[in-house]
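The values are calculated or read from the model by the stated rules, or taken from the named source; none is laboratory data. Not measured: the values here are computed from a predicted model. Reconstructed Cβ throughout: ideal geometry from the backbone, glycine too, with neighbour counts over all protein chains shown.
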Amino acid sequence: MPFVVSGQVTKGVGDFRKRMIAFPNAFSRATGEILFPGTLNIKVDRVIPIKENFRVLGANIGEPEQDLLFEICRVGQIGAYRIRPFNVKTGEGGHGDDMIEIASSQRIPNAHEGASVTITFLRDDI
């Protein structure tokens, strides 16, 4: 049974947008589609460790110290990916596991700062 969580859109710093514009082929090879540049940052009320489905090696995007972990999910009816930076030495990265960074091939409608967004993870073991 899928796990559903809601959170609030918060302003990000733009690092994923820069990566996706500089290395679009690395992201499309991993996901099989062209992603809308950037991520939607969603603050949730609990820590949700990522369950990796696949990754982009940091060496392929000029960041050998960290990989990018991907988890398939949905935002509403839109297919999406949670992406979490993963420092290969410490396991840390990103904004923490209570800030979910979402990417998709589509712009997610009505996802302005402060908006409530529902994420469906395709797993039941949170």
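Miscellaneous remarks
- Taking the criterion of being under 14 Å from Gly12 (Cα atoms) and of a type in the set (D, E, K, R), the residues of segment 99-126 that qualify are Glu101, Glu113.
- Hits in segment 27-49 (condition: surrounded by fewer than 18 Cβ atoms within 10 Å (Cβ to Cβ) and aliphatic (A, V, I, L, M)): Ile34, Val44, Val47
- Screening Ser28 against (1) within 17 Å of Ile119 (Cβ to Cβ); (2) not in a loop (DSSP other than H, G, I, E, B) leaves a single unmet condition, (1).
- Selection within segment 50-92: residues that are farther than 21 Å from Pro109 by Cα and among the aliphatic types (A, V, I, L, M). The member of this set that is surrounded by the most Cβ atoms within 10 Å (Cβ to Cβ) is Leu68.
- Of the criteria (1) touching a residue at least 24 places away in the same chain (Cβ under 8 Å); (2) assigned to a loop (DSSP other than H, G, I, E, B), which one Val13 fails: (1)
- Each residue in segment 11-55 was checked for being under 18 Å from Ile100 (Cβ atoms) and in contact with a Pro (Cβ under 7 Å, 6 or more places away or on another chain), and 2 of them qualify.
- Qualifying residue in segment 56-68 (condition: within 14 Å of the chain's Cα centre (by Cα) and closer than 20 Å to Asp98 by Cα): yes
- Arg17 vs. criteria modelled with pLDDT under 95 and closer than 21 Å to Ile108 by Cα: yes
- Selection status of Ile83, in contact with a helix residue (DSSP H, G or I) (Cβ under 9 Å, 6 or more places away or on another chain), of a type in the set (Val, Ile, Thr), modelled with pLDDT of 95 or more and under 21 Å from Val13 (Cα atoms): yes
- Test: Leu68 is on the phi < 0 side of the Ramachandran plot, in contact with a strand residue (DSSP E or B) (Cβ under 6 Å, 6 or more places away or on another chain), touching a residue at least 12 places away in the same chain (Cβ under 8 Å) and not in a strand (DSSP E or B): no
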